[in-house]
Structure formats: C-alpha cells, structure tokens
Amino acid sequence: MDLQKDPPVRPLGAMENLEKQLSCPICLDMFSRPVVILPCQHNLCRSCASDLFESQNPYHFSGGSFRCPTCRFEVLLDRHGVYGLQRNLLVENIIDIYKQQQEARCVEPPSKDKDDKEPRCKEHEDARINIYCVSCQTPTCSMCKVFGQHQDCEVAPLLLVYQSRRSELRAAVELLAAGSGRVQAAARQLEDTRRRVEESGNQHRTRLAESFDLLFALLEARKAALLERISGEERGKVAALRELADQYRAQLQVCAQLQEKLRQSVERCGTAELLLAATQLLREAQHAARDAHLERPAPRFHSMEHLRVDTREVEALLARLDFTREVE
C-alpha cells in the first residue's frame, strides 16, 4: 500500500523544487525572459540584472561591474553592459515547459492530496487558513473572523497580503543587493586608501632620511672646516713658540760660553793681561746681558676662545624643525 501512495507525492515535491530552482534571487519570482547566465553559472532576469547594475553603477560609465546576489562573484561587463551577457536558452525552454504543465494542472480539479497539504487553523481543525488578520499580523481562518478571537479585527485576503509581502521582500532583496554593492565598493575604497597611506608613509620616511642625511653631511663638512682652522692656528702658535725657544737656547749657549771665558780669564790671566782684556770682556758681557731681554709671548697667547662656536641658535632652529603642510 505504501508503494502505491508514494508516486503521487513525488511529482509534487519535484515540481516545487523545480520552481524554486527557476526563481530569480532578486525578484523571488520565476525567471522572466530573457534569462542571462553569469560567469559564475548563476542566472538572473535581464531586467533584474539591469536594475542591480544600475544600483551599483549610478554614473552609467561604459562597462562596469556588479556582484552576483547568490555567490557575491564580481561580474565584469563590457561596453554593452548587461546586454553583453549570454542568454540561457536552456532555462527559458525549461520555464516554458514548466508553465505549460502548470496550466494543465490548473485545468484538473484539485486533488485530495493537495487539499490535505493546505495549512489548517489550530482553533478550527476543519477550516483552512484563507485570510490574514491585519490587526494581529497573522494568518487565520474565516471561522476565527466570524466566531473566534479575530471577530473585531481587520482582515484581508490571504493572497493579496501574500503578494504585497512578496513585493516588499523583493524590494528588500534589491535594496540589500544594492547596499551590499555600496558596502563592497566602500571596502575596496578603504583598502585602496590604506595602500596609498602605506605608500605615502614609506615615501615620506625616505624623504626625511635623505634630508637628515644631507644635514649630517653638511654638519660633518662644516665640522671638518672648523677643526682645520683650530689645527692651523695651533700649528702657527706652536711654530712661533718653538722659534722663541730656539732663540732662548741660542742665548743661553752664548751666555754659557761667555761665563766660561770670563771664569778662565779671571783664573789664568795675570794682572797686566787681565787689565788689558777686561774692557773687551765687560763689553761682551754687557752686550750678552742686553740680548737676554728676548721677546716673550703675549698674555693669554695660548687661548683660543675666539674659535668657540655658538650653536645655540642652530640648536633652537633644530628644536623647531617640524613637518610643513604642503598644499595639494
């Protein structure tokens, strides 16, 4: 018995599943001609694809892109836009066959199996849910409106409310698809901005390093020049002092020789000989005494205070060194 009841149920489930497969993910209705196939192998009504493309490309540039509402694959379009997408003739033929079968089923009287599948009211088991309570926002049956808890409520035909809600859901799907496209475009813009920030940071780090390297080179060159001036003055003063030292040594040698000559004259010469040589010896001694007053270095000859560098102004300038805002 079970095997005999199964066959009538299978076609109904298969047809419902087929209708689901033939429904557009944007309008939630069965595909309308022409049907286009995306590179990701998902299908859309061309009109829905056009609406989706228009929502994600408001400036109507040649070409463009939009995201598949099923898998979020980015569909790139050429200058023909959505009209450049290939039609899915197979799906269109399947829809035609499906509609023909549906029309044939509508001619036949409703079967008991279909009636059994209609939802029933929980309060009235024999009554089908066939109206919608607008006040309570819930489907109900006619018995509940006449005798039950929805007597004072506002009701509407179930099909009318179904079509209205379906249209609202369809609009919500389109709105979400457009919103998702805008969010993804903003995310791509953020990623591009992040990349540009990193590139700009690297570029300005390089510029700053080059600027400071140049400053270091200038300071090193100036330092070398000033050090050379100090060394030059040091060499000059040392040379002058050495020359004076040579003069002092020569004078000391002359004095020592004269002292020895005088000592020997006093010790070895007789009275007459000493008197004859005394005048010349005294003259030489006086001359040597006069030459002993040699030139001496000026006071603070050793000082090089005039070569001190005042870096306070440069230090203050470096302390104020900062970035300048360039007008782009």
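The figures follow:
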quantity: Evaluation of residue 324 against (1) in the same structural domain as residue 204 (by TED's automatic domain parsing); (2) assigned to a loop (DSSP other than H, G, I, E, B); (3) loosely packed, with under 10 Cβ neighbours inside 10 Å (one fails), failing number; calculated: (1)
quantity: Matching entry among 187, 156 (being surrounded by 12 or more Cβ atoms within 10 Å (Cβ to Cβ), among the small types (Gly, Ala, Ser) and modelled with pLDDT of 75 or more); calculated: 156
quantity: Test: residue in the stretch 44-64 that is under 17 Å from residue 185 (Cα atoms), assigned to a strand (DSSP E or B) and within 37 Å of the chain's Cα centre (by Cα); calculated: yes
quantity: Of the criteria (1) modelled with pLDDT of 85 or more; (2) touching a Leu at 6+ places or on another chain (Cβ under 7 Å), which one residue 196 fails; calculated: (2)
quantity: Filtered residue count, the stretch 1-18, keeping only those that are in contact with a helix residue (DSSP H, G or I) (Cβ under 7 Å, 6 or more places away or on another chain) and either part of a loop (DSSP other than H, G, I, E, B) or modelled with pLDDT of 55 or more (or both); calculated: 1
quantity: Any hit, the stretch 202-221, residues being more than 41 Å from the chain's Cα centre (by Cα) and small (Gly, Ala, Ser); calculated: no
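Quick grid of which residues meet (1) more than 30 Å from residue 212 (Cα to Cα); (2) modelled with pLDDT of 80 or more; (3) exposed (fewer than 12 other Cβ atoms within 10 Å of the Cβ):
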{"site": "233", "(1), (2), (3)": "yes, yes, no"}
{"site": "253", "(1), (2), (3)": "yes, yes, yes"}
{"site": "262", "(1), (2), (3)": "yes, no, no"}
{"site": "270", "(1), (2), (3)": "yes, no, yes"}
{"site": "320", "(1), (2), (3)": "no, yes, yes"}
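Let's see how each residue does on (1) under 60 Å from the mean Cα position of the chain (by Cα); (2) modelled with pLDDT under 70; (3) surrounded by 15 or more Cβ atoms within 10 Å (Cβ to Cβ):
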residue: 95; (1), (2), (3): yes, no, yes
residue: 102; (1), (2), (3): yes, no, no
residue: 108; (1), (2), (3): no, yes, no
residue: 118; (1), (2), (3): yes, yes, no
residue: 122; (1), (2), (3): yes, no, no
residue: 133; (1), (2), (3): yes, no, yes
residue: 137; (1), (2), (3): yes, no, no
residue: 140; (1), (2), (3): yes, no, yes
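The values are calculated or read from the model by the stated rules, or taken from the named source; none is laboratory data. Since the model is a prediction, treat every value here as computed from it, not as a measurement. We place every Cβ from the backbone using ideal geometry, glycine too, and count neighbours over all the protein chains shown.
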